[in-house]
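Following: one structure in structure tokens, then a few remarks.
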Amino acid sequence: MATLQNDLFMRAAFAEKTERPPVWMMRQAGRFMPQYWEIKNKYSFLEMCKTPEIAADVTMLPVDLLDIDAAILFSDILVTAEAMGGDLSFTQGVGPVFANPVRSRADAEALRTDVIGKLQYVADAIKVVKERLDARIPLIGFAGAPFTVLSYLIEGKSSRDFKLTKLLLNNEPELAHLILGKIADVTVDYLNMQIAAGVDALQLFDSWALALSWDDYREFSHHYNKLIFSKLNRKDIPIISFCKGSSVFAPMMAEAKPDVISVDWNADLKNIKTALPQGMAVQGNLDPFVLYAEKSVIKNKIESLFERMRGEEGFIFNLGHGIMPDIPFDHVKHAIEVVKEFRY
Ligand code: CP3
């Protein structure tokens, strides 16, 4: 690991002492920024992801405008599924759509796993970003967790209830495992490619694991996440495990041995941290809706979280989930300033 000018994030991720909590925010490179729209109005979302210079421009927006402590690569969790054969598009107001959802054994068998070459643009983008960051702050790479990616491949789009996905898990678990195993294989190659390209940390997004029961989470999500973590070339590279539902699943997530668990806002963060194995860090867990509120409220909520976490080693400040597109930019900036002024 090259020496970083600001290594607060890395130290906190490895549960070392920091002067204040480091801050970054999920979806920090996105639509709440006017500067994002200047780029977005010229290209489609997938064009932005697939053109390394543009992906780097967007990755750098929050670095330059918000002065955060870690950058996250601009991309999407669904690029792995696209490379495997999904016909993916992003439509304004609809979100991601797969025109060829996986609905049969033949569809599942047709999914390819020798796809790392198709994802080379991500490695290229990482190299451009690393040059531009010039060792100021770390770069976080990421991928979608197999269960969450599976849900998009099966449903064909975002879903409220995951009805088709759960039908598959219940009626045809063996077919579900075939697809999950393929996604996991691709994800291992993909994340190791990101490490080789130069990311400093990785986050696995299992956004919709919250939909699962405890037993189903173990069988269809945890099992694969654990397998992935065990196969990463992770020396010096902290791994963050995120899901909505982490306030319930944290004890099982810890069994997969990530370095950091990213916690949603339903739980008391200190209680979660205390219950985790010694040396495992936490990330979170402000309710992103707080960022709509008045600035004094934003400050109070952040400071009371920090008072609660005082004395804990291994705490990265983040939201419990991503920034919504209509949150005012200056509220996000204010939140980051509040964090940066704080001292333990
Ligand atoms: O965090 C960052 O700023 C880095 C970039 C990033 C994006 N997507 C950019 C994006 C990351 C880390 C993601 C991950 C992602 N993508 C997740 C996991 C995180 C989460 O929010 O739970 C999921 C579930 C997706 C799938 C996805 N991509 C959805 C559901 C949507 C549409 C709905 C929505 O929230 O916008 C996208 C599109 C997307 N991904 C946009 C961005 C900036 C919006 C594209 C646009 O400009 O229209």
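Side notes on the structure shown:
- Among the listed pairs 301/333; 42/157; 127/333; 163/244, those beyond 20 Å (Cα-Cα): 42/157; 127/333
- Taking the longest Cα principal axis of the chain as reference, the axis of helix 295-309 is set at about 90 degrees.
- Relative to the longest principal axis of the Cα atoms of the chain, helix 246-255 runs at roughly 80 degrees.
- To put it simply, the accessible area of the chain at a 1.4 Å probe is 50 percent carbon and sulfur.
- The calculated 222 nm mean residue ellipticity attributable to helices in the chain amounts to -13500 deg cm²/dmol, summing -39500 (n - 2.57) over DSSP H runs of n ≥ 4 and dividing by all residues.
- Seen from residue 242, the other residues with C-beta closer than 10 Å to its C-beta sum to a net charge of -1, counting Lys and Arg as +1 and Asp and Glu as -1.
- Close amide H pairs (under 5 Å, H built 1.01 Å from N) link residue 283 with 261, 262, 263, 316, residues at least 5 positions away or on another chain.
- A simple count of charges around residue 168, restricted to other residues whose Cβ falls under 15 Å of its Cβ and scoring Lys, Arg +1 and Asp, Glu -1, yields -3.
- A 1.4 Å probe run over the range 1-141, with the rest of the protein chains in place, finds 43 Å² accessible per residue.
- Compared with the dominant principal axis of the Cα atoms in the chain, helix 173-197 is inclined by about 50°.
- Relative packing of 320-330, 140-150, which averages over residues the other C-beta atoms within 10 Å, highest first: 140-150, 320-330
The values are calculated or read from the model by the stated rules, or taken from the named source; none is laboratory data. Note that the coordinates shown come from a computational prediction; the quantities given were computed from them, not determined experimentally. With ideal geometry, Cβ positions are generated from the backbone for all residues, glycine too; neighbour counts draw on all protein chains shown. Surface areas here come from the heavy atoms of the whole protein model, side chains and all, with no ligands, DNA or RNA. Shrake-Rupley method; radii C 1.70, N 1.55, O 1.52, S 1.80 Å.
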